[in-house]
Number of protein chains: 2
Amino acid sequence: MKTKDEIIRVALKLFNRRGTRRVTTNHIAAEASISPGNLYYHFRNKEAIIRDIFVRMDETGRGMFAAIFSKSPDPAERMEAAFRSIQAFNRRFIFFKRELPALVMGDPKVKKLYLASHRAHLAMIGSLVDESVESGYLKPMDGSERRAFAELSWFLALYWINYLEVSGEPIDDRGIQRGIALSRFLLEAVRSPSSRG
Amino acid sequence: MKTKDEIIRVALKLFNRRGTRRVTTNHIAAEASISPGNLYYHFRNKEAIIRDIFVRMDETGRGMFAAIFSKSPDPAERMEAAFRSIQAFNRRFIFFKRELPALVMGDPKVKKLYLASHRAHLAMIGSLVDESVESGYLKPMDGSERRAFAELSWFLALYWINYLEVSGEPIDDRGIQRGIALSRFLLEAVRSPSSRG
DNA sequence: GTCTATAGCTGGATAGAC
DNA sequence: GTCTATCCAGCTATAGAC
């Protein structure tokens, strides 16, 4: 593997374990078995490493979400599968979710990318909701109701892992299942009577 | 004002503005117009300052939430007022909400206090939901539905300000109003038909 | 209680040889 | 591309006078 990729891989691992604050460039270099000087040959500074991880994360995420939403079995199943995928994704880059405000507000480039991605996700969920209303799976809703449902669903998926962590619950299948139960509760609230089992 | 209180006041202001990471004990001392040495006379270290702020925050919060939930006008209004109060509270201690995972997971004493407070809030909301079901304001629900509704409501109130911030929306009345709209959406989902206007 | 002065350390980042 | 060596800034925390 290329040195640069190895630095990223190791940095992500350490950031997830101990947070960007406590992980120094020296730690990363040591764990990657290279010299500090070499690390600085590949990256301008620590911030650049974080940004690079973010860009890769964003690309991974876009591909993943597109794949999720293009599949279309039963809408309830799809929602559940989507929730599960998003949690796995969030867990893989958990340091970013933990430090979201600091990282997004601290680096204008990250902020710009993050906002674009945020809007894309909301729009994707929004059109999914529109489709489901049109198909009669969801009950008739006006624009503001649709947006409320879409945003709540996204909001839940976005923060659930963080909530589990600070609530002292382990991030395991049971915890994810609890999140799915909440997203089902949301879904039930907007199901059309005719689509209920 | 006592020097100790002044340190706390200034530290909270700076933490909210720039985050605990970038604010040093020297900054706090300078802003409080005292010497670094004097700061260390009053606090063992920086962590102790953060913890002290947290303890005061917790006390403030308990009092505030108890007051909110003991008032009882129309349940919908009460929910709205509660949401508003919680957002104002979260904003006042916004650094803590931004750095929640790091602060909670990094200091065992903070973690313990936070968990106790988290559970107390969930329980408070839970009994409020029970009451509202019994009174017929909310539709009949079993235990798991009640818990889902209570937890979603709390979850929303807890992360809303954070969500606004990272979404690039200003934390102003309009943003809070958007949050209230989502909590209303949740409430509508569980209102009993007879209680609807 | 408050100050000045400073020890002691850590970590980001660079220079220059290979 | 990679290393060694090192500089420098900035921060925490303490010592000791007042």
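The values are calculated or read from the model by the stated rules, or taken from the named source; none is laboratory data. Owing to the predicted nature of the structure, the values given are computational and were not obtained by experimental measurement. Note that each Cβ is placed from the backbone with ideal geometry, even for glycine, and that neighbours are counted across all protein chains shown. Only protein heavy atoms, including side chains, enter the accessible area calculation; ligands, DNA and RNA are left aside. Shrake-Rupley method; radii C 1.70, N 1.55, O 1.52, S 1.80 Å.
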Report task. List the residues whose amide H sits under 5 Å from the amide H of A:Arg191, counting only those 5 or more places along or on another chain, with H placed 1.01 Å from N in the peptide plane. Result -> A:Lys139
Query raised in the report: the range A:1-72: which trypsin sites (Lys or Arg not before Pro) are DSSP loop and have at most 14 other beta-carbon atoms within 10 angstrom?
Result: A:Lys2, A:Arg44, A:Lys71
Query - Across the identical copies, how the B:Lys2 labels are spaced - nm, sorted shortest first, 7 Å along Cα→Cβ - result: 5.9
Query raised in the report: Which of B:Asp130, B:Asp107, B:Asp74 moves the most in a Gaussian network model of chain B with Cα springs under 10 Å?
Result: B:Asp74
Query raised in the report: For the residue pair A:Glu134 and B:Ser135, what label-to-label distance in nm results when each label sits 7 Å from Cα along the Cα-to-beta-carbon direction?
Result: 4.3 nm
**Report entry** Teacher prompt: A:Ser35 distances to equivalent labels in other copies, 7 Å Cα→Cβ, nm
**Finding:** 4.4
Query raised in the report: For the range A:51-195, what does the equivalent ellipsoid look like in terms of its semi-axes, each the square root of 5 times an eigenvalue of the Cα gyration tensor, given largest first in whole Å?
Result: 27, 18, 13
Query - Chains B and A together, accessible area buried on both sides, 1.4 angstrom probe, square angstrom - result: 3200 Å²
Query - For the range A:1-69, alpha-carbon Rg over 2.2 N^0.38 Å - result: 1.19
Report summary line: HN-Hα couplings for the range B:99-105 via Karplus (6.51, -1.76, 1.60; θ = phi - 60°), in whole Hz with x for Gly/Pro, come out as 10, 2, x, 4, 6, 6, 7
Query - Sites A:Ser144 and B:Ala116 - FRET efficiency at Förster radius 30 Å, r taken between beta-carbons, to 0.05 - result: 0.20
Query - Helix A:108-134 axis, angle to chain A major axis (alpha carbon atoms, nearest 10°) - result: 20 degrees
Report task. Would you kindly work out the equivalent ellipsoid of the protein assembly as shown from its C-alpha gyration tensor and give its semi-axes, the square roots of five times the eigenvalues, largest first in whole Å? Result -> 37, 30, 17
Query raised in the report: Relative to the first principal axis of the alpha-carbon coordinates of chain B, what is the inclination of helix B:75-92, with its axis defined by its Cα atoms, in degrees from 0 to 90 and to the nearest 10?
Result: 10 degrees
Query raised in the report: With r defined as the distance between the Cβ atoms of A:Arg184 and B:Arg44 and R0 fixed at 35 Å, what FRET efficiency is calculated, to the nearest 0.05?
Result: 0.15
Query raised in the report: What residues qualify as long-range amide H neighbours of B:Gly168, i.e. H under 5 Å apart, gap of 5 or more or another chain, H built at 1.01 Å from N?
Result: none
**Report entry** Flagged links, alpha-carbon separation over 25 Å, of A:Lys111/B:Lys4; B:Lys46/B:Lys97; B:Lys2/B:Lys97
**Finding:** A:Lys111/B:Lys4; B:Lys2/B:Lys97
Requested in this report: For the range B:101-140 and the range B:22-40, compute the distance between their C-alpha centroids and round to whole Å.
Outcome: 36 Å
Requested in this report: Go through A:Val133, A:His42, A:Ala189 and say which Cα lies farthest out towards the positive end of the charge dipole of the protein assembly as shown; charges sit on Cβ, +1 for Lys and Arg, -1 for Asp and Glu.
Outcome: A:His42
Query - Loop trypsin sites (Lys or Arg not before Pro), the range A:97-197, which have at most 13 other Cβ atoms in a 10 Å radius of their Cβ (DSSP) - result: A:Arg196
Query raised in the report: What nm distances, shortest first, do you get from the label point of B:Asp74 to those in the other copies when the point sits 7 angstrom along Cα to Cβ?
Result: 3.9
Requested in this report: Using a 10 Å cut-off on Cβ to Cβ distances, tally the other chain neighbours for every residue of B:97-103 and report the average as a whole number.
Outcome: 6
Requested in this report: First measure r as the distance between the Cβ atoms of A:Asp173 and B:Arg56, then evaluate 1/(1 + (r/R0)^6) with R0 = 30 Å and state the FRET efficiency to the nearest 0.05.
Outcome: 0.20
